[in-house]
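**Student:** What follows is a structure written as structure tokens; I'll ask about it next.
The values are calculated or read from the model by the stated rules, or taken from the named source; none is laboratory data. Here the structure is a predicted model, which is why all the values come from computation and not from measurement. For neighbour counting, all protein chains shown are included, and Cβ atoms are generated from backbone atoms with ideal geometry for every residue, glycine included.
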Amino acid sequence: MNRKLRFGMVGGGRGAFIGGVHRLAAAMDGQAELAAGAFSSDAARSKASGADLFLDPTRVYGSYAEMAKAEARRPASQRLDFVVIVTPNHQHFPPAKLFLESGFNVVCDKPVTFSLAEAQKLQAIVKRTKKVFVLTHNYTGNAMVKQARHLVRSGALGEIRKVVAEYPQGWLSTLLEKTGQKQAGWRTDPKRSGAAGCIGDIGTHAENLARYITGLRIDSLCADLTTFVKGRKLDDDGNILVRFKGGAKGILHSSQISVGDENNLNIRVYGTKAALEWHQEHPNELTVKFPDQPRQIWRRGNGYLGKNAQRFTRIPAGHPEGYLEAFGNIYREAFRAIAAEVAGEKLPKDLDFPTIADGVEGMAFIETAVKSSKLGARWVKFPRV
């Protein structure tokens, strides 16, 4: 393709957090440009947000439905190549469905939908429309996560016995949603967030990271979800025991009342030959541990890493890469797929980004965890998805 990809955005206007992150990540490689948007359900706020971004006022819309209709009419030389959805969870499925069926590729923030039923419907739509659908589980874009995956998949750890994935935060240790804080407000509202709070918001990152690195699928789980802050409507802490298919065991833990923790996503994988450990707050390092020799610290940007880890490294060793670069890596892979789709070519076989299948798996995880907890932390079989 001899031009930049054009994209529109649903949500992500004034006062939003994740919309700005997506715009930065999408701009990182200079391969795409924001051309249109419906940045808020409030038409005036959407228009103001578009002005902030210096967009053509005629391509800033008061609703995503208006945007889909108008943008679908544009000639191929102006038409959007994909749409980015960065709204609260309850507003993922309707615009994703509409834009896919209107002929647009879609990038969507996680979790993919409000419910498992919606996720499965969306999966069928993606299959039917044959459009590219990208889910931004951004931590999988980190180079050292790619290296961890390589070590597990190559057999360097031996047979996997145990996986421990954690995501503790402390920002919701008080009733922050009652102060008017926008991010806390929608994440703790069951009408906008869905069946789960903490487990849906960050627990899905722990589950997705464990599955991405190890390739293990959950067979059953036993979840104990708690709402510690009085007056809160959804869980703010979750502890889950996992039985993986094949016999490995796991512990998945997420919390938003762990005072003093910021974004301490981390994972440990234990095999019969070796183990590994990765921390999101120190993303450039991967610790590899052995039963009969000193532990090793592997660092991003070095020639001893696998090909995939090197492919996803942006700058030389010693110059830190983290959250934004990992997000940018997801977009860079998405652009390869979207450019091929727009050109009518076959998609590259080595694409590496989360898809609608990951979204369905994540929603099954949320609903199974909620079900287990409501049954008094009973073991529940994971559904076939």
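**Student:** Name the single residue, out of those in the stretch 148-162 being among the aliphatic types (A, V, I, L, M) and more than 20 Å from the chain's Cα centre (by Cα), that is surrounded by the fewest Cβ atoms within 10 Å (Cβ to Cβ). Before the answer, list the steps.
**Tutor:** First pass over the stretch 148-162, keeping only residues among the aliphatic types (A, V, I, L, M): 148, 151-152, 156-157, 160.
Okay, now just the ones that are also more than 20 Å from the chain's Cα centre (by Cα), so 151-152, 156-157, 160.
Details: 151: 22, 152: 22, 156: 14, 157: 23, 160: 22.
Checked the stretch 148-162; the qualifying residue surrounded by the fewest Cβ atoms within 10 Å (Cβ to Cβ) is 156.
**Student:** Write out, first by first residue and then by second, each pair whose Cβ atoms fall under 7 Å of each other, whose residues are 6+ apart or on separate chains, and whose first residue, in the stretch 3-21, is outside any helix (DSSP H, G or I) while the second is buried (at least 20 other Cβ atoms within 10 Å of the Cβ) and acidic (Asp, Glu).
**Tutor:** Final answer for the pair search is 5/81; 6/81; 7/81; 8/71.
**Student:** Now a separate question. Sort out which residues of the stretch 106-136 are within 20 Å of residue 333 (Cβ to Cβ) and touching an Asp or Glu at 6+ places or on another chain (Cβ under 6 Å), and write them in order of number.
**Tutor:** Correct list: 132, 135, 136.
**Student:** Ok, one more. Just checking, does the stretch 150-159 include any residue being in contact with a helix residue (DSSP H, G or I) (Cβ under 8 Å, 6 or more places away or on another chain), part of a loop (DSSP other than H, G, I, E, B), closer than 16 Å to residue 246 by Cα and modelled with pLDDT of 95 or more?
**Tutor:** Yes: one or more hits.
**Student:** Right, here's the next one. Only one of these is in contact (Cβ under 8 Å) with a residue 12 or more places away in the chain, surrounded by fewer than 21 Cβ atoms within 10 Å (Cβ to Cβ) and either farther than 30 Å from residue 321 by Cβ or of a type in the set (Asp, Glu) (or both): 239, 263. Name it. First the steps, then the outcome.
**Tutor:** Numbers: 263 fails: either farther than 30 Å from residue 321 by Cβ or of a type in the set (Asp, Glu) (or both).
Just a single option satisfies the conditions, and that option is 239.
**Student:** Determine if the stretch 186-207 includes at least one residue that is out of contact with any helix residue (DSSP H, G or I) (no Cβ under 7 Å at 6 or more places or on another chain), surrounded by fewer than 23 Cβ atoms within 10 Å (Cβ to Cβ) and in a helix (DSSP H, G or I).
**Tutor:** Yes, the stretch 186-207 contains at least one residue that is out of contact with any helix residue (DSSP H, G or I) (no Cβ under 7 Å at 6 or more places or on another chain), surrounded by fewer than 23 Cβ atoms within 10 Å (Cβ to Cβ) and in a helix (DSSP H, G or I).
**Student:** Which residue pairs have Cβ atoms closer than 9 Å, lie 6 or more positions apart in sequence or on different chains, and pair a first residue in the stretch 326-341 that is in contact (Cβ under 8 Å) with a residue 12 or more places away in the chain with a second residue that is of a type in the set (Val, Ile, Thr) and in a helix (DSSP H, G or I)?
**Tutor:** 326/140; 326/145; 327/21; 329/140; 330/140
**Student:** Moving to a separate point now. Identify all residues within the stretch 286-315 that are assigned to a loop (DSSP other than H, G, I, E, B) and either more than 28 Å from residue 28 (Cβ to Cβ) or more than 26 Å from the chain's Cα centre (by Cα) (or both); write none if there are none.
**Tutor:** Initial filter on the stretch 286-315 (assigned to a loop (DSSP other than H, G, I, E, B)): 290-295, 300-306, 312-315.
Residues satisfying the conditions are 290, 291, 292, 293, 294, 295, 302, 303, 304.
**Student:** Still on this structure, I have one more. Would you mind finding the one in 191, 182, 233, 245 that is among the basic types (Lys, Arg) and at pLDDT below 95?
**Tutor:** Details: 191 fails: at pLDDT below 95; 233 fails: at pLDDT below 95; 245 fails: at pLDDT below 95.
Exactly one of 191, 182, 233, 245 is among the basic types (Lys, Arg) and at pLDDT below 95, namely 182.
**Student:** Filter the stretch 5-27 down to residues that are basic (Lys, Arg) and touching a strand residue (DSSP E or B) at 6+ places or on another chain (Cβ under 8 Å) and give me whichever is farthest from residue 141 (Cα to Cα). So that I can check it myself, show each step before the final result.
**Tutor:** Filtering the stretch 5-27 down to residues basic (Lys, Arg) leaves 6, 14, 23.
This time we only want the ones that are touching a strand residue (DSSP E or B) at 6+ places or on another chain (Cβ under 8 Å), so: 6, 23.
Values: 6: 22, 23: 16 Å.
This residue is 6.
**Student:** Kindly provide the set of residues from the stretch 342-352 that are touching a residue at least 60 places away in the same chain (Cβ under 8 Å), more than 23 Å from residue 286 (Cβ to Cβ) and assigned to a loop (DSSP other than H, G, I, E, B), ordered by number. It would help to see each step written out before you state the result.
**Tutor:** Within the stretch 342-352, the subset touching a residue at least 60 places away in the same chain (Cβ under 8 Å) is 342-343, 347, 352.
Still in the list and also more than 23 Å from residue 286 (Cβ to Cβ): 342-343, 347.
Selection gives 343, 347.
**Student:** Here is a follow-up. Quick check on this structure: which one of 351, 324, 347, 286 is surrounded by fewer than 17 Cβ atoms within 10 Å (Cβ to Cβ), among the hydrophobic types (A, V, I, L, M, F, W, C) and within 23 Å of residue 264 (Cα to Cα)? Break it down stepwise before answering.
**Tutor:** Values: 351 fails: within 23 Å of residue 264 (Cα to Cα); 347 fails: within 23 Å of residue 264 (Cα to Cα); 286 fails: surrounded by fewer than 17 Cβ atoms within 10 Å (Cβ to Cβ).
Checking each option against the conditions leaves just 324.
**Student:** Name the residue, out of 309, 334, that is hydrophobic (A, V, I, L, M, F, W, C) and in the same structural domain as residue 21 (by TED's automatic domain parsing).
**Tutor:** Numbers: 309 fails: in the same structural domain as residue 21 (by TED's automatic domain parsing).
Just a single option satisfies the conditions, and that option is 334.
**Student:** Being under 25 Å from residue 171 (Cβ atoms) and of a type outside the set (Gly, Ala, Ser) is the filter; apply it to the stretch 213-228 and report the residue that is surrounded by the most Cβ atoms within 10 Å (Cβ to Cβ). Please lay out each step first, then the result.
**Tutor:** First, the residues of the stretch 213-228 that are under 25 Å from residue 171 (Cβ atoms): 223-228.
From what's left, of a type outside the set (Gly, Ala, Ser): 224-228.
On the way: 224: 15, 225: 23, 226: 14, 227: 16, 228: 14.
Looking at residues that are under 25 Å from residue 171 (Cβ atoms) and of a type outside the set (Gly, Ala, Ser), I get 225.
**Student:** Would you say residue 177 is within 30 Å of residue 298 (Cβ to Cβ) and not in a strand (DSSP E or B)? Steps first, please.
**Tutor:** Working: within 30 Å of residue 298 (Cβ to Cβ): no; not in a strand (DSSP E or B): yes.
For residue 177, the condition - within 30 Å of residue 298 (Cβ to Cβ) and not in a strand (DSSP E or B) - is not met.
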